[in-house]
Amino acid sequence: MFSRWAAAQTDCVIVPTGKVRLLLHDYGVEQPVFVVPSGIDLSRFSREPDPWRMAVLRASLNIPQENLVLVSVGRLAEEKNVDELLRLRAEMGNVPVTLLLVGDGPDRIRLEGATAGLGLEAPDVVFAGMVPAEQVADWYQLGDLFV
């Protein structure tokens, strides 16, 4: 209801993805909605990872060398549905997999509690917190898979 009201106060709405445009349509927003993707400089993410830097990052987080690393980089907020990642990691049991959550946000404390409630602890799930923007590419490269 709030989204519909707020959009009604505008001439148009700009959203980052088609998914958000469909969501606003489902909410009943009648104003024109335009998709303008967020600009990202991809060159930062195309360089080869520095093996030494990756080893230092992994060691600083106490992630065993044999663990597969699933990395999620972003704001820890309810709408990101990190709970689903935690449940899926819990379903994996004792396999050598680390879910690495890079970022912070208003849902972190609750997510840490949910992690404990699922019987997960480091190195099953690692909360790395915020990282400087210029280091984000390194954190993506630390992961074997982005989730």
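The values are calculated or read from the model by the stated rules, or taken from the named source; none is laboratory data. What you see is a predicted model, and the numbers here were worked out from it, not measured in a lab. Note: ideal-geometry Cβ built from the backbone for every residue, glycine included; neighbour counts use all protein chains shown. These accessible areas exclude ligands, DNA and RNA; they are computed on the full protein's heavy atoms, side chains included. Shrake-Rupley method; radii C 1.70, N 1.55, O 1.52, S 1.80 Å.
General remarks:
- Sorting 136-144, 115-123 by their mean Cβ neighbour count within 10 Å, with the most densely packed peptide first, gives 136-144, 115-123.
- Choice from L57, L24, L85 showing the highest fluctuation, given a GNM over the chain with Cα pairs closer than 10 Å: L24
- Amide H to amide H, with H built 1.01 Å from N, V33 comes under 5 Å of V13, counting only residues 5 or more places away or on other chains.
- Treating r as the C-beta distance of A6 and F34 and R0 as 22 Å, the FRET efficiency rounds to 0.90.
- Annotation: per residue accessible area for the range 1-103 equals 69 Å², rounded to a whole number [probe 1.4 Å, protein chains only].
- FRET E, pair V56, T17, Förster distance 30 Å, beta-carbon r, rounded to 0.05: 0.30
- Simple spin-label estimate for F45 and D83 in nanometres, 7 Å along Cα-Cβ: 2.7 nm
- Where only DSSP H runs of four or more residues are counted, the chain gives -10500 deg cm²/dmol as its mean residue ellipticity at 222 nm, each run worth -39500 (n - 2.57).
- By average C-beta atoms within 10 angstrom, highest first, the peptides 100-113, 34-47: 100-113, 34-47
- With both residues required to sit in the chain, DSSP beta bridges show an antiparallel share near 5%.
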